[in-house]
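Peer 1: Structure below; questions to follow.
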Amino acid sequence: MLHVFARSRSSHPFFHLNRSSLRIPPSKSLSNLSSSSTHYHHLPMVSLLVATTIDPASINPANALLAFPGWQPGPHFQDDMKSFVNEGLRVLLHGNSIVVEDYLDERWEKVTGEVVDEVIFLSKHTAASNKPALTVHPIGVPHLREGDVPPQGGKPGWAALPNPRIGPWIRLLKNIAQAHNLVPEFEITLEATHHGPLTNKPTMFLEIGSTEDYWKRQDAAQVMAQLVWEGLGLGGGTDVGNWSRANDKKKVLLGIGGGHYVPRHMDVILKDDVWAGHLLSGYSVPMEDPKGETNVEIGGTWKQSIKAAYEATKSAFPGGEILAHLDQKSFKGWQKNAITGFLAEQNIKIGKPNNFY
């Protein structure tokens, strides 16, 4: 994903994308807003949604979201960025690649004094198949070695905290997309953990794929906007995927193995009440073939990757029971033995599909 960007101008009044208009006018300065009807000063935790103006699959859903009622100009963050506030949500627009602006959550907290609870990025998705898709996924490059240059942001060995909403939101996305008649034209799918940018707070990407024609689709943009609006409980609803209200359903799936679209893990996560953490596809658990030798250390960064993904998932789901779910058929016997042995060493339990329901 994210290789080529197409510029897109929006007809939304807030978004004529010349540089001068990307500033809050003096009449809407932060000092004026603080005494107005906006109430971001009184909200202890905020959700930060990030979009880029150079990607139609990012800015179009952001514009569709900003067409909902209740938005106000947000605090001045950076001269080349613009922000908007609505209840507990902050929308931040910038003009760079979506994977290069690191630590926007931390930067937002420093500038505004607000505490960021989660980060959501809107982006395009690219795929060799060119098939239309709406996707949700966690981020990180936990399998890269020190010194490797990540091709799309992040840093080697790092896995972001996965946003606990990922599981509940892929189910909600499927429902909304069906209601908008985008299914079966668009595939609704999770993706494996990949790319950046760096964040400290629970993070997920929402993407539209997989070619320019689909990136620009207004019906797809509308579905993604609706997902955010309903998913965060704006406009008076109850938010979806709030881990702090998880009550008795405390099992969290840590996916290991399979292809990029993690079909075996998807099968489990599409069931009601299943929580999803990191999803490591086969390429994120690289293992060096021992070529028939027994009792040898299996080389590759697979242990580092599993450990980073587990730790990040555990941190994102306080009090949760993290269960590794293996795509059994994707592994050879020696790989499965090595992984199950390592999981036992690390005291990471393995879950079969029916353990999650």
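The values are calculated or read from the model by the stated rules, or taken from the named source; none is laboratory data. None of these values were measured; they are calculated from a predicted model. Glycine also receives a Cβ, built like all others from the backbone with ideal geometry; neighbour counts cover every protein chain displayed. For accessibility, only protein heavy atoms count, side chains too; no ligands or nucleic acids. Shrake-Rupley method; radii C 1.70, N 1.55, O 1.52, S 1.80 Å.
Peer 1: For the chain, with equal point scatterers placed on the C-alpha atoms only and solvent neglected, what are the log10 I(q)/I(0) values from the Debye formula at q = 0.07, 0.09, 0.10, 0.15 1/Å, to two decimals?
Peer 2: Values, matching the q order: -0.29, -0.48, -0.60, -1.29.
Peer 1: Please compute the net charge surrounding residue 329, taking Lys and Arg as +1 and Asp and Glu as -1 over other residues with Cβ under 14 Å from its Cβ.
Peer 2: +2
Peer 1: How much net charge surrounds residue 320 when only the other residues with a Cβ under 15 Å from the Cβ of residue 320 are counted, with Lys and Arg +1 and Asp and Glu -1?
Peer 2: +3
Peer 1: Would you work out the relative contact order for region 274-357, in percent, from Cα pairs under 8 angstrom that are 6 or more residues apart?
Peer 2: 27 percent
Peer 1: How large is the dipole of region 80-125 about the Cα centre if only Lys and Arg carry +1 and Asp and Glu carry -1, each at its Cβ, rounded to the nearest 20 debye?
Peer 2: Value, rounded to 20: 240 debye.
Peer 1: Now for a different question. Using the Cβ atoms and a cut-off under 10 Å, what net charge is assigned to the surroundings of residue 215, where Lys and Arg are +1 and Asp and Glu are -1?
Peer 2: Summing Lys and Arg as +1 and Asp and Glu as -1 gives -1.
Peer 1: Any chance you could check the Cα centroid distance between region 129-179 and region 42-108 for me, in angstrom?
Peer 2: Rounded to whole Å, the Cα centres lie 19 Å apart.
Peer 1: Return the calculated 222 nm mean residue ellipticity for the chain, to the nearest 500 deg cm²/dmol, obtained by summing -39500 (n - 2.57) across DSSP H runs with n ≥ 4 and dividing by the residue count.
Peer 2: It lands at -7500 deg cm²/dmol.
Peer 1: Probe of 1.4 angstrom, ligands and nucleic acids ignored: what's the accessible area per residue over the chain, in square angstrom?
Peer 2: Value for the chain: 42 Å² per residue.
Peer 1: List the residues whose amide H sits under 5 Å from the amide H of residue 203, counting only those 5 or more places along or on another chain, with H placed 1.01 Å from N in the peptide plane.
Peer 2: 119, 161, 163
Peer 1: Still on this structure, please answer the following. Antiparallel as a % of all DSSP beta bridges within the chain, to the nearest 5?
Peer 2: 25 percent
Peer 1: Okay, next question. If you count, for each residue, the other Cβ atoms within 10 Å and average over each peptide, how do 136-149, 285-298 line up from highest to lowest?
Peer 2: 136-149, 285-298
Peer 1: About the Cα centre of region 56-177, how large is the charge dipole given +1 on each Lys and Arg Cβ and -1 on each Asp and Glu Cβ? Please answer in debye to the nearest 20.
Peer 2: Once rounded to the nearest 20, the dipole reads 600 debye.
Peer 1: Further question: With labels modelled as points extended 7 Å from the Cα through the Cβ direction, what inter-label distance (nm, one decimal) is found for residue 349 paired with residue 219?
Peer 2: 4.4 nm
Peer 1: Say R0 is 22 Å: what FRET efficiency, to the nearest 0.05, do residue 110 and residue 155 get from their beta-carbon distance?
Peer 2: With R0 = 22 Å, the Cβ-Cβ based efficiency is 0.60.
Peer 1: If the only charges are +1 at each Lys and Arg Cβ and -1 at each Asp and Glu Cβ, what is the size of the charge dipole of region 178-234 around the Cα centre, to the nearest 20 debye?
Peer 2: 260 debye
Peer 1: More than 19 Å apart: what percent of Cα pairs in region 251-357 qualify?
Peer 2: Counting pairs separated by more than 19 Å, the tail of P(r) holds 40 percent.
Peer 1: Once phi is turned into ³J(HN,Hα) by the Karplus curve 6.51 cos²θ - 1.76 cosθ + 1.60 with θ = phi - 60°, what whole-Hz value does each residue of region 274-290 show in order, with x for glycine and proline?
Peer 2: Using θ = phi - 60°, the values come out as 8, 9, 10, x, 5, 10, 8, 6, x, 6, 8, 10, x, 10, 8, 4, x Hz.
Peer 1: Please state the relative contact order of the chain as a whole percent: Cα pairs under 8 Å, 6+ residues apart?
Peer 2: 17 percent
Peer 1: Now for a different question. Can you tell me the relative contact order of region 84-186? Whole percent, Cα pairs under 8 Å, sequence separation 6 or more.
Peer 2: 20 percent
Peer 1: Let me ask you something else. For the chain, what % of the accessible area comes from carbon and sulfur atoms, probe 1.4 Å?
Peer 2: Summing carbon and sulfur atoms, their accessible area is 50 percent of the total for the chain.
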